[in-house]
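These notes are about the structure you will find just below.
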C-alpha cells in the first residue's frame, strides 16, 4: 500500500456511485481544505467557498489548468464536524458518464486529492468518533442491500439499535463482573453482606445475558438471509418443466435485481424479489441433461447446491408420476416444496396430497407457489423489521464469530456456576465474554479490526 | 558527614525495603529518619496482608525482601481470607504486634552490613550543576550529604497536617512532627507535587470495653506463613471482635458534621474511596441502618485496641459520643483520637517504571509519596526502588516486573501510567492474570529473579529449590496416575473419573470441594498417593492448585496473550505524538506527559480514547 489510512492530512476523493453509465454520479471529497480545493475548480468559486454546511451550490466543474468546463454539477457542502467523516466534505453530483467521472477525478487529483482507499471514508468517520464499528459496517451493508428486508435491517443497524444492543449487553456483563469483583476484592469482613446481591440473583443475570447473546447470534441466520438473499434451488428430473418455471418467473416481470446467464456459471440463476426477500433462484436443469462423466459430476454439484439451499423446489412431470429417483431425492430433502407440474394437460392426474399443482407453461398455481415460498422464508427469516424490534438482526460474519465466542464464554460461565466452581474462575469467563463484545463495537482494539473491517468496504463509502 | 553511594530518606515500610536492598546488594548506604525509634511504625491498622496485599508481601519475600519475615515474627493472629471464593483470590492476613514489628524492623536495619542510620530531617535535594543528576541531600541542621542515588520515601510526612474536628496541627503521625521544607523545595524545583488525605480510627483502652457483648473472631490454627522461609515463631493467637453501628451512632455523627474538616472544606487532599471514614459512609449511604466495625489488638503488651472501620476526623467530643453509642463501648475511653492526615505526594507519572524520576537522574521515589496507601504497597515499591537504584550505580538496566508476573508489576505500572489522584490500593481485579498471581506461587514466579539479582540468602535458595523440586515431583506423581477403584472407596467424588488420568480428574470442582474440606492438601493427596506424605504442605498445596486451575490458567493466558501483542508493542521513548494527525488534544497531552513504553500502557492512561489508541496502534505497529 503506497499510502496509509493514517495519512489524514490529505484530502481524499472517490466515486461513490456504481461505475458505468447512469443518470447521475456522485463523487465524494473529504479532508482538510476540501471546500477550498473544490472551489478552485468550480464556478462560481466564491459561492462554493463561502457556502454554509448542509447547503447545495449549482455551477460548473472546470479544469482550472486548461480553463475548460467539464460538467454542470451540484455541490453539496458539509462543514466539520457535521459530515459523515467529521471533516470538511463536498459531494459533487455530476452526470453519470464514465468520461465525466474520470475527468473530474483527474482534476481533483491534480488539486491535491488522493484517491480514497477502500473504506477510508468510514475509517475517518470512526477515527473522528462519528461512528462505531457496528454502524460503520451497517453503512456497507446498507449500500449493498439488494432487497427491502436487507435495507430495513441495515438501516436499523445504522440507526444504532444493534450497537445499542451490544453496548447494553456489555454494560450488563461489566456490571455483573463488578458485583463479582467486589466479592473477590474485599474479604467478607470488609464488605457488608447487605451490600451484595445474593449469588442466585447474579446467576439469573448471567442467564439473561447469555440468552440475549444467543438470540442475537441466532438472528444472524435471518439477517444474513435478508442481507444476502435466500438460495432457492429448483430440482427435478429432466423435462419436469424446470426451465418453464424459470421463464414463467421471468415473464412475470418481477423486480429482477440481476441475472447471470449460464455462460458464466454452470447453472442458470436469477435474482427475484418476493414479498421483500431477495431470492436467488437456481435451475440445476442444465447439469442433469449433460451426458456421461460430466453428468455424474453435474448430479453431484446439484446435490451439493440443494444441501446449501434455504429452500428446494422439487418438480415432477405429473403425467409421469413419481420415480425411484424422485423418491430418493425427496428422502434426502424432506423439506422441499413439491411441485406437480403440467396440470394443464388432460393426461395429468390430480396432485397427490402434499404436492402443489402447477402449470409452469400457463402460470396456473403460481400464486400458491409464491405463498408457499413466502411462508417458508418467513419461518426462517422472520417478517418485516418492525416485527422483531426487540432483537435487531445482524448480517455480518465478523460480528457473528465474536458473538459465538462470547456465547461460548458465557456457556462456560454458566457451567462453572452450575458446578460450583469458585468465583475467580467464573469471573474470568465473564471478563472474556465482555471482551468479545467490546471487540464487536471497536471498544477493544484488536489487531484484526482495521485490516479486516475497513478492507472490506467499497470505495467511496 | 562523609558521603555514601546511596541515601534513603525515611524509615517507613518503603524505606526499610529500599535500604536493605541497597545494602544487601553492596551499596554503602545511609538511611535518614526523623526518629530511629519510629522505624517500621504501623501508622494505621495493626495488620499486614489481606487480599492482593498479602500477595504483595509474599512477592516481596520471594525476591528477598523483609516484610514477610517481620509479619510472621510479629503476628498476633493469622487468617486466610476468601477461602470460599477461589484460590486465586485468597490471601493471608496477620494481626500484628505494632511495637514488636517496629522493633524487629529497626533491628534488621541495624544488623545489616553496609547500612548506617542517621537521625535528621532532609529539607532539600541537591542536584548537579547541570541540574540533571542528584548529588546529595541537605538536612534540617544544614548538613550536606553526598550520594549518587537517593530514594525518597517520606510517607505521609511531607508538609503534613493533622485534622481532628476544628483542630489542625502540623504532624505526619499524631505526636510526630511533619517533615517541613522538603515538599516546598520539591515544588520550587518543578516537581509535580500535590496533596492527598488519609485517616485513621481511634485507639481505645481495652479495659474500658465490655467484650462479653461482642462477637469474637478467632484466628486460624492451621499454620499460615507470609515468608517462604516458613519459620515458626511460637506467636500468640489473639481474638478480634465484631460490632455494628446503629441509627443512634449515625445520628450522633450527623450532628457533628458541621465541625468535620472533611465536609467544611478544610481538607483539600483527596482521600481513599475504598477506605472511607465513618462520617463518609453515613453521608454516602443514608439508607443503611448499620455499619460493621472490628476491634483489633494493637499489641500483646498494650491496653490499646484499634477500631477498624471507624476512621474519622470528627471533633473528639463527637467521637466519644459515637463510640459510647456502640454496644460494649458505653464506657469506652479514648487513648488516641481518630484523625485525618493531609500530606504532599509526587505525581507518579513523573517516574519511570524503574521508579526513577524523569526529572532528575538518580532520584528514586517509593511508597506513599507516590500516592499509594498501605504498608504492603509501600514496601513493594521500596524494594524495587532499592534494587533499581543499586543497578543504576552499576550502570545496569533497571528491573521492571511485568503485569503478568507479579502484583508488584501491576502496582508500579498502574502508578506510572494512571498517576493516581487518590490513595491507590492494590486489588486483585487490577491484575489481568489474577489466577497466575496466586500468593502461594510468588516464589516460583520471583525467587529465581531474586537469586540472579543476588538478594536471596543461601538459606532461602536451598528452601526454594527443595520446594520447587517437591512441587515438580508431586505434579509428576499426579500426572502419571490414573483413578483406580480403590480411590473411589477413599474419595467418593472420584467415581465419575474412574480410569481417567488423575491430573484431569483434579479439575472437577466437586473434588475441589473435597480438597477444601480436607484437613490439609497433604492429607487429601496422601489418601490417593501415600508417597505424598513425604512432601511439605506448601509444595502439595501449590501442586494441587496448579492442577485444579490448569484449564482456567490456560484460558487466562490465552486472553492475556491476545492483549499481550498490543501490550508488548513498544512505543519509542522519543515518539512524537504531535505527528499523529487527529489524535485528540487531551490524549496528546496525557501521552506526552506519561510517555508510555508500550501500547498497553498507553491504553491505561486516563483520557486516551479508543480512537486515539487505534491511531497510535496503527502508527506504531506499521511504523508509518
Scanning the stretch B:102-128 for residues that are in contact with a strand residue (DSSP E or B) (Cβ under 8 Å, 6 or more places away or on another chain) and crowded, with 23+ Cβ neighbours inside 10 Å gives B:109, B:122, B:125
Q. Can you find a residue in the stretch B:523-540 that is within 14 Å of chain A (Cβ to nearest Cβ), assigned to a helix (DSSP H, G or I) and either surrounded by 16 or more Cβ atoms within 10 Å (Cβ to Cβ) or modelled with pLDDT of 85 or more (or both)?
A. no
Subset of the stretch B:383-413, residues closer than 22 Å to residue B:271 by Cα and crowded, with 24+ Cβ neighbours inside 10 Å, comes to B:410, B:411, B:412
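Each row is one residue, and each column tells you yes or no for (1) touching a residue at least 40 places away in the same chain (Cβ under 8 Å); (2) within 21 Å of residue B:90 (Cβ to Cβ).
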{"position": "B:475", "(1), (2)": "yes, yes"}
{"position": "B:485", "(1), (2)": "no, no"}
{"position": "B:512", "(1), (2)": "no, yes"}
{"position": "B:518", "(1), (2)": "no, yes"}
When every residue in the stretch A:379-397 that is surrounded by fewer than 18 Cβ atoms within 10 Å (Cβ to Cβ) and modelled with pLDDT of 75 or more is compared, the one farthest from the other protein chains (Cβ to nearest Cβ) is A:379
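Residue by residue through the stretch B:79-134, note down the ones that are within 14 Å of chain A (Cβ to nearest Cβ) and assigned to a strand (DSSP E or B).
From the stretch B:79-134, those within 14 Å of chain A (Cβ to nearest Cβ) are B:79-95; that's our starting set.
Listed by number, the residues that qualify are B:79, B:80, B:81, B:91, B:92, B:93, B:94, B:95.
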Flag if residue A:83 is crowded, with 19+ Cβ neighbours inside 10 Å, modelled with pLDDT of 85 or more and away from every other protein chain (no Cβ under 14 Å) = yes
Note on the stretch B:144-163: residues touching a helix residue (DSSP H, G or I) at 6+ places or on another chain (Cβ under 9 Å) and surrounded by 21 or more Cβ atoms within 10 Å (Cβ to Cβ) are B:149, B:150, B:151, B:152, B:153, B:154, B:155, B:156, B:157, B:158, B:159, B:160
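Give the residue, chosen from B:582, B:600, that is touching a helix residue (DSSP H, G or I) at 6+ places or on another chain (Cβ under 7 Å), part of a loop (DSSP other than H, G, I, E, B) and either at pLDDT below 75 or within 11 Å of chain A (Cβ to nearest Cβ) (or both). Full working, then the answer.
Details: B:600 fails: part of a loop (DSSP other than H, G, I, E, B).
When all the criteria are applied, what remains is B:582.
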Filter the stretch B:413-445 for residues that are in a loop (DSSP other than H, G, I, E, B) and away from every other protein chain (no Cβ under 14 Å); the one that is modelled with the highest pLDDT is B:423
Looking across the stretch A:39-95 at residues that are free of Cβ contacts under 8 Å to residues at least 60 places away in the same chain and assigned to a helix (DSSP H, G or I), the single one that is farthest from residue A:110 (Cα to Cα) is A:47
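Could you tell me whether residue B:304 is surrounded by fewer than 19 Cβ atoms within 10 Å (Cβ to Cβ), more than 14 Å from every other protein chain (Cβ to nearest Cβ), at negative phi and at pLDDT 90 or above? Spell out the reasoning first.
Numbers: surrounded by fewer than 19 Cβ atoms within 10 Å (Cβ to Cβ): yes; more than 14 Å from every other protein chain (Cβ to nearest Cβ): yes; at negative phi: yes; at pLDDT 90 or above: yes.
It is true that residue B:304 is surrounded by fewer than 19 Cβ atoms within 10 Å (Cβ to Cβ), more than 14 Å from every other protein chain (Cβ to nearest Cβ), at negative phi and at pLDDT 90 or above.
Go through A:413, A:417 for me and flag whichever is under 18 Å from residue B:509 (Cα atoms) and at pLDDT below 85. Working first, answer last.
On the way: A:413 fails: at pLDDT below 85.
The conditions single out A:417.
The values are calculated or read from the model by the stated rules, or taken from the named source; none is laboratory data. These figures come from a predicted structure and were not determined experimentally. Using ideal geometry, Cβ is built from the backbone for each residue, glycine included, and neighbour counts are taken over all protein chains shown.
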